[in-house]
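The next block holds one structure in the form of structure tokens; read it before the comments.
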Amino acid sequence: MNSKAGSTFGSDGATDSSAARRNSKKPKYSKFTQQELPACKPLLTPGIVISTFALIGIIFIPIGLASLSASEHVVELVDRYDADCVPQHLRDDKLAFIQNSQTNKTCTRRLIVPKQMSSPIQVYYQLDNFYQNHRRYVKSRSDKQLKSKSSERETKTCEPEGTTGDGLAIVPCGLIAWSLFNDTYSFSANSKSLQVNKKDIAWQSDKKHKFGSDVYPKNFQSGGLIGGASLNASIPLSEQEDLIVWMRTAALPTFRKLYGRIEVDLEANEEITVVIQNNYNTYSFGGKKKLVLSTTSWIGGKNNFLGVAYLTVGGLCLFLAMGFILLYVFKPRTLGDPSYLSWNRNAAGYSN
Amino acid sequence: MNLDGETNLKRKQSLQITSSLTNDQSFQKFKALIKCEDPNDKLYSFIGTMYFNGVQYPLSPQQILLRDSKLRNTQYVYGIVIFTGHDTKVMQNAMDPPSKRSNVERRMDKIIYLLFTILVVIASIGSIFFGIKTKGEMSEGNYMWYLRPDKSSIFFDPRRAGLAAFCHFLTSLMLYGCLIPISLYISIEIVKVLQSTFINQDQKMYCEESDKPARARTSNLNEELGQVHTILSDKTGTLTCNSMEFVKCSIGGVAYGSGSTEAEKSYRKDKEINYFELKPLSSGFNGYERLVKGFNFYDDRLMNGQWVKEPHSETVQMFFRVLAICHTAIPVVESKSVSYEAESPDEAAFVTTARELGFEFFQRTQMSISLHEFDLKIGRKVIRTYKLLNILEFSSARKRMSVIVRTEEDELLLFCKGADGVIFEKLSKDGQVFEAETKCHINEYSEAGLRTLAVAYRKLTEEEYRIWNEEFLAAKSSVNADHDMIVDEAAEKIEKDLILLGATGVEDRLQKGVPECINKLAEAGIKIWILTGDKLETAVNIGFACHLLRKEMKNIVIKLDTPEISVLKDGDKEAIKMAINERIANQIREAQSQVSSSKGSSVSFALIIDGNSLAYALSSGLENSFLDLAVDCASVICCRISPKQKALVTRLVKRRTRKTTLAIGDGANDVGMLQEADIGVGISGVEGMQAVMSSDFAIAQFRFLERLLLVHGHWCYRRIAAMICYFFYKNLAFGFTLFWFEAHALFSAQPAYNDWYISFYNVAFTSLPVMALGVFDKDVSSAICLKFPSLHQDGIRNIFFSWPRILGWMLNGIITATIIYYFTTNAILDQAFRSDGRVAGSELLGATMYTCVVWAVNCQLALYLSYFTWIQHLLIWGSIFFWYIFLVIYGFFPPTISTTAYRVFLEACVSSPLYWLSSLFIVVAALLPYFSYLTFQTMFFPKYHHSIQRAKTGDS
């Protein structure tokens, strides 16, 4: 890199002052107006190119290794249950099964812990083909109503789940709240039940500032069509963490949401029994439901993508750097030799 | 009068008959009738008659004050208003100034259309998919109950999917509105104004002598300067100073004057014969050369009163009398010295010369001219007054000017000066004594690049004059369309049987640095045409003097006065026309075969054509072949052409070559050309401001053109081109992330980002760095631009704004967007975002993606820039930093305002290593394609500017 500071600074001082005395129209000298500000002029010289590629490689490969190992350390247990939790004889018409309030929705799953999982173990539910990012869905909420009791009637944005048939405001209103996920899980290992801690699963800022502590559910799930879960009307919204988590809409149609945490370690090959209340209807739109148990590391959950991507790009850059070095050693080009140029072959007639 | 731009004095006089009306009372009984022509736009003619006491008095332009005239030398005048408002000649002349736009901007419009198309296509694709999906919402197995399709509003109603799709189309037009860079127009305006400031402030384009800096009068065309392909230049006042210097004269067949001219010097330089020997001599002259402006005449035989001893002393006396009397200049007496205000610099030079040689013109009244002159008989200086009877004025048709005076001895004399050809035709038998020698001298002078005029006189008898004068007055007072012709005819009747005195040679000095500048421009591959009203010989001489023509070039001359055509003179007009047309066509064809036969060899051609031939060559049948020929020639000189032809040639060149043309000129006669060309450059020289007023750029001297084109033009072109490309890049990079997200949200037009992020994208996070690019970026320093003029070829070939380049940048934008979207979603979604197990929702995806976009587009700019001052650093890194600041501040707004951005950065992102690591990776990944491309290009297929840049690094 070539940095060159302007060296013509003082030289114009004398002419400048005399010009000013004559009150002439001569433009005043300044490095700015004469476009002579000191500048660095980076150029893609082979040296810079090679070192840039090499630098990227050298930085990226360790980062890649670190993230990959962090991701590999995470133990993840995924169980899809939406298909298996329908009784055998009802599998031809899953929709009838899920919509019938009389059928027994309880379903028991046994999971084997693949590796030792140290607490806290995050419990997620994962939905698939569920468009929480659909504009109609995202918009159907009322932040004002969620925040304060006095704005209870602010349900205009919540249609079609703003008011009950009698015109009473629904709290919390809107499609998002109405379709709240209502499967429940209870875990036990070695016939001893595992407590799932459902505190502190929502973002603090939501609990404190977005959902009012004096706002209580009202007229919720009281309409003709019941969407998802009902809420305990005696608990303020700020304490309804499941709702708060659900109301942070997901970005893509496949998403996980935090259900709770198991705060004991699980040993490898341990068998966990999960009793699922399979209430939530994903059958009508062909969505999948999964239960996910996962530990975390400093980088979060299990995802090899970033690590692999870092390694790939880092490797590629190192490879390019190497290639350029070889090229430079075996076939050095004269820098700035204009005769190399395609341009010069048909240059217009004049030359010095 | 500041109408034709010429600020020099114009003499205006009242009629003799009304000159007694000098106070308000005298008008009480004054009654007269004026008949005059209809309002028209001819500034230099006026036809009218005043009827007063039953007598007709002709009114001429001499009696007319045009609108906006300013009185000098006089306190006040009495007058009558003839035309007002839009009827005045000035208003009749007012032309709508042409609106000029640069090539780059015109192409930019096309890109905007392209973007519009992309916008509509994207929106339609979205709408179609949305329509299909919405229709399918009610179907079995895909019933998205959580969206309540049974109770949805018309925007999402599955039963009316078509309508919903249309509504969606409108919504997406708004969502993707950011694809159309409205802020681009504003940014470009700001950038161009700043670029113009740099042009105005450039010290190296400031002229000390005239105290004039360069001025960009419009900021529209800065980048066009870097693409100039053809320069059409006026000669007088543009290449030359338009300060005439009297150098040589031929009196009575004897040549006087030993000064040398620029053309001669340059001739010598070309031949390099004895140049150094001659040098001391010419520098010796320079010692007192500048003593008197307009006078560069040295000859001991004439100076200091020595002319008395010459053999033809009477002829010499008469010669200088003509110079001292036959003119329209006005003396300005200051203490003891006399200076002159003249309509043309030639006249000033003549009068000055006459003064220096002892014929000092010091007073002009309406009726007389007074001189201090040396009386041969008495042998000392006396005051002589000549009664001025008539002035037969100069016009371009007549090419001569005469005055008729009555001397103190009651002799009637007609003094005449004019173009040699015209005068020689009108000589009497006795007056041809010196004709041969004078002709010979005139040829020598014009070869030396001098303007020549022949000088003659005749004696009149009282009777002859009286008869002629009546006729002349009648002609003058006639009111009809042929007025001018009748007056000219009348004048011609007395301008005959002249006695030749001699000829003058006036040098039109080349401006400083013109040959060097033209050399550089030619090296840059710019074609230069000279369009001049001068004679062919003079034009060719100036061409040699300013290196436009070189010895090794082959000259192709197309002109009409060849023998075949003179023979035809008596035939009927149609036949002549046909013959001439044929002749010109032949000449062009011959020349073309000459040029094409020597293609590939290093011989270059110069085309020289005169105005008459040009009129035929530009007629519909021949214009294409003529222009093809002209384009193949390295330099073209058109001489003897009228202002209108100048504009016509400019228009044809512009249309035919489809390249940028630049016209440069200084006089009112160049205005048409300046307005017609893509860029008009006015020289703020001697001939007033008219050209400057209608120009796009004004410079003080021709040589500044070099810097204007090669430095500022190059920079501005590169900057604007890069800026526009980059603008499209950044908007596509942003817009396509939105698109990819929408595509994964059932095309429901859900934006990926918080509304305010979207609004601020073009305003806050990406606007200033791109302006820094547009204002400050430099690929090479000004010194290198001048050292390697061929860099200008980049602009002529338009390689920085070619369609492949533009589309390449757009593609780069789409690639960047795709990389950012897919890598971000893959890196941060589904699994826990942080070690506390919380996952990323749409708000975190939005913030992360947006971070990557801001970083990527700003770093992309940093990669592109080749010139970093603290301003660039501040703006680029500042913009990125500002995004974080914005995120923090916006996060503190109440949730009802900030919605999804509420505390998103401080609470969720800062403490998540995944956020930082993924943004680092994604930004680098998004930049890699461009960086690799750039690397491969500079390493293996370098462009010219790359190698120059590198050569420079190698040097330093």
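Values in this text are rule-based calculations from the coordinates and carry no lab data. If you're wondering where the values come from, they're calculated on a predicted model, not measured in any experiment. Backbone-built Cβ (ideal geometry, glycine too); neighbour counts: all protein chains shown.
Considering only alpha-carbon pairs that sit under 8 angstrom and 6 or more positions apart, the relative contact order computed for the stretch B:16-93 is 29 percent.
Does a label point 7 Å from the Cα of A:GLN277, set along Cα-to-beta-carbon, have any residues of the stretch A:214-228 with amide nitrogen under 13 Å, and which are they? Residues passing the 13 Å test: A:228. Tell me whether the stretch B:16-93 comes out rounded, prolate or oblate; compute the Cα gyration tensor, take square roots of the eigenvalues as a ≥ b ≥ c, and use a/c under 1.5 as the rounded threshold. Oblate, because a/c is 1.5 or more while a/b does not exceed b/c. Lys-Lys pairs in the stretch B:16-93 that are eight or more residues apart or on separate chains and whose Cα atoms lie under 28 Å of each other come to 7. Cysteines in chain A that lack a partner Cβ within the 4.7 Å cut-off: A:CYS40, A:CYS317. In terms of the mean number of neighbouring beta-carbon atoms within 10 Å, the peptides A:210-218, B:850-858 order highest first as B:850-858, A:210-218.
With both labels modelled 7 Å from their Cα along Cα-to-Cβ, the B:LYS387 to B:ASN53 distance reads 1.9 nm.
Other residues lying with their Cβ under 12 Å from the Cβ of B:LEU786 contribute a combined charge of +2, Lys and Arg counting +1, Asp and Glu -1. Counting Lys and Arg as +1 and Asp and Glu as -1, what is the net charge of the other residues whose Cβ lies under 13 Å from the Cβ of B:ALA745? Summing Lys/Arg as +1 and Asp/Glu as -1 gives +3. Put a plus charge on the Cβ of each Lys and Arg, a minus charge on the Cβ of each Asp and Glu, and nothing anywhere else: the dipole of the stretch B:710-953 about its Cα centre is then about 940 debye. Available extension along the chain between B:ARG656 and B:ASP299 is 123.4 nm, counting 0.36 nm per residue and deducting the alpha carbon span. Computed from label points 7 Å out along Cα-Cβ, the spacing between B:GLU409 and B:LYS31 is 5.0 nm. Candidates A:PRO160, A:ALA229, A:ASN182 compared by Cα position along the dipole of the stretch A:88-296: farthest toward the positive end lies A:PRO160, with charges placed on Cβ. Once the chain from B:ARG11 to B:SER601 is taken as fully extended at 0.36 nm per residue, the excess over their C-alpha distance is 206.7 nm. Rounded, prolate or oblate for the protein assembly as shown? Axes are the square roots of the Cα gyration tensor eigenvalues, ordered a ≥ b ≥ c, and the cut-off for rounded is a/c under 1.5. Prolate.
Taking the Cα centre of chain B as origin and assigning +1 to Lys and Arg Cβ atoms and -1 to Asp and Glu Cβ atoms, the resulting dipole is close to 2020 debye.
Only the Cβ atoms of Lys and Arg (+1) and of Asp and Glu (-1) were treated as charged; on that basis the dipole of the stretch A:88-296 about its Cα centre amounts to roughly 440 debye.
The lysines within cross-link reach of A:LYS192, meaning a Cα-to-Cα straight distance under 30 Å and a gap of 8 or more places when in the same chain, are A:LYS105, A:LYS115, A:LYS257, A:LYS288, A:LYS289, A:LYS290, A:LYS302.
Neighbouring Cβ atoms from other chains, within 10 Å of the Cβ of residues in B:137-143, number 3 on average. Cross-linked pairs B:LYS417/B:LYS644; B:LYS399/B:LYS535; A:LYS41/B:LYS110; B:LYS527/B:LYS551; B:LYS554/B:LYS787; A:LYS25/B:LYS512: Cα-Cα separations exceed 22 Å for B:LYS417/B:LYS644; A:LYS41/B:LYS110; B:LYS554/B:LYS787. Each of B:GLN587, B:GLN317, B:PHE155 was placed along the dipole of chain B (beta-carbon charges, centred on the mean Cα), and the one lying farthest toward the positive end is B:PHE155. Take each peptide in A:71-82, B:168-179, count the other Cβ atoms within 10 Å of every residue, and average; sorted highest first, the result is B:168-179, A:71-82.
Relative contact order of the stretch B:710-953: 27 percent, from C-alpha pairs under 8 Å at least 6 residues apart in sequence. Once the Cα atoms are used to define both axes, helix B:435-447 deviates from the longest principal axis of chain B by about 20 degrees. Each helix, a run of at least 4 DSSP H residues, gives -39500 (n - 2.57); summed and divided by the residues of the protein assembly as shown, these come to -13000 deg cm²/dmol at 222 nm.
Between the listed residues B:SER69, B:GLY85, B:PRO39, the Cα displaced farthest toward the positive end of the dipole of the stretch B:16-93, a dipole computed from Cβ unit charges relative to the Cα centre, is found at B:SER69.
Here A:LEU65 and A:ASP92 are evaluated by their C-beta separation; at R0 = 56 Å the FRET efficiency comes out at 0.65. A Förster distance of 45 Å, applied to the separation of the beta-carbon atoms of B:LEU71 and A:SER30, puts the FRET efficiency at 0.60.
Evaluate E = 1/(1 + (r/R0)^6) for A:GLU270 and B:TYR822, where r is the Cβ-Cβ distance and R0 equals 35 Å; express this FRET efficiency to the nearest 0.05. Please report the intermediate quantities before stating the final value.
Numbers: r = 37 Å, r/R0 = 1.07.
So, using R0 = 35 Å, E works out to roughly 0.40.
Computed extension length for B:THR461-B:ARG159: 97.7 nm, one decimal, from 0.36 nm per residue of separation with the Cα-Cα distance subtracted.
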